[in-house]
Amino acid sequence: MYQYTEVKGSSEGVRRYILSLDNHVSVIEALMAFCTEHNIGCGKVSGLGATNCATFRFLDPSTLKYVDKTFEEQMEITNLTGNISRKDGKPYLHVHVTASRRDYTSIGGHLLDARINGACELFVEDYYLTSVGRRPDEQTGINLYQF
Ligand code: FE
């Protein structure tokens, strides 16, 4: 699903990894597997890559309804940024993506999932904090951080 290496010289309290996801895997599945394998309860993820199927989610703040949309076309993941926390004893990923199309215009949003078609290269930082959880917030409809 992925290959990885740990960055040597990681500073105290932070462990850093470089990941290369296998072609055709789901980004979220691979990241969840990596976070579970390394027991990451609080961290950061960033990266880039290419996808041919990505599903974004938009939260309408006036209705608190989610609108999901899937784009089945080849796109560059020009930016993937997100955080790792924990909810119900499992890793909880909050990831946003900007992706560029063949005509160089970009789309993006909250990432539900993306299938890699090409490569996906990620940096993951583990902050060694086990106390960062999530709680559902009625007003925003978002699972907010719980410190
Ligand atoms: Fe989001």
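Among the residues making up the range 129-138, those that are away from the ligand (no atom under 16 Å from the Cβ) and either charged (D, E, K, R) or loosely packed, with under 14 Cβ neighbours inside 10 Å (or both) are Thr130, Ser131, Glu138.
The single condition among (1) part of a strand (DSSP E or B); (2) without any contact (Cβ under 8 Å) to a residue 12 or more places away in the chain; (3) farther than 21 Å from Ser26 by Cα that Tyr145 does not meet is (2).
Okay, residues lined up against (1) within 12 Å of the chain's Cα centre (by Cα); (2) surrounded by fewer than 16 Cβ atoms within 10 Å (Cβ to Cβ); (3) of a type outside the set (Ser, Thr, Tyr):
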site: Val27; (1), (2), (3): yes, no, yes
site: Ala30; (1), (2), (3): yes, no, yes
site: Phe34; (1), (2), (3): yes, no, yes
site: Val45; (1), (2), (3): yes, no, yes
site: Asn52; (1), (2), (3): no, yes, yes
site: Leu59; (1), (2), (3): no, yes, yes
site: Thr63; (1), (2), (3): no, yes, no
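Report whether or not Val45 is under 22 Å from Asp137 (Cα atoms) and at pLDDT 95 or above. Judged against the criteria, Val45 is not a match. Counting the residues of the range 16-51 that are in contact with a helix residue (DSSP H, G or I) (Cβ under 8 Å, 6 or more places away or on another chain) and outside any strand (DSSP E or B) gives 2. Hey, any hits in the range 73-89 for a residue that's surrounded by 15 or more Cβ atoms within 10 Å (Cβ to Cβ), in contact (Cβ under 8 Å) with a residue 60 or more places away in the chain and either at negative phi or not basic (Lys, Arg) (or both)? Yes, the conditions are met somewhere in the range 73-89. For the range 62-108, the candidate set comprises residues that are part of a strand (DSSP E or B) and of a type in the set (D, E, K, R); within that set, the residue that is nearest to the ligand (Cβ to nearest atom) is Asp68. The residue list Arg57, Arg102 contains one member that is over 18 Å from Asn23 (Cα atoms) and touching a Lys or Arg at 6+ places or on another chain (Cβ under 9 Å), which is Arg57. Checked against the criterion of being more than 15 Å from the ligand (Cβ to nearest atom), out of contact with any Leu (no Cβ under 7 Å at 6 or more places or on another chain) and outside any strand (DSSP E or B), the range 52-61 has no qualifying residue.
The values are calculated or read from the model by the stated rules, or taken from the named source; none is laboratory data. The shown structure was predicted, so the numbers you read here are calculated from the model rather than taken from an experiment. Quick reminder, even Gly has a Cβ in these numbers, built from the backbone with ideal geometry, and neighbours come from all protein chains shown.
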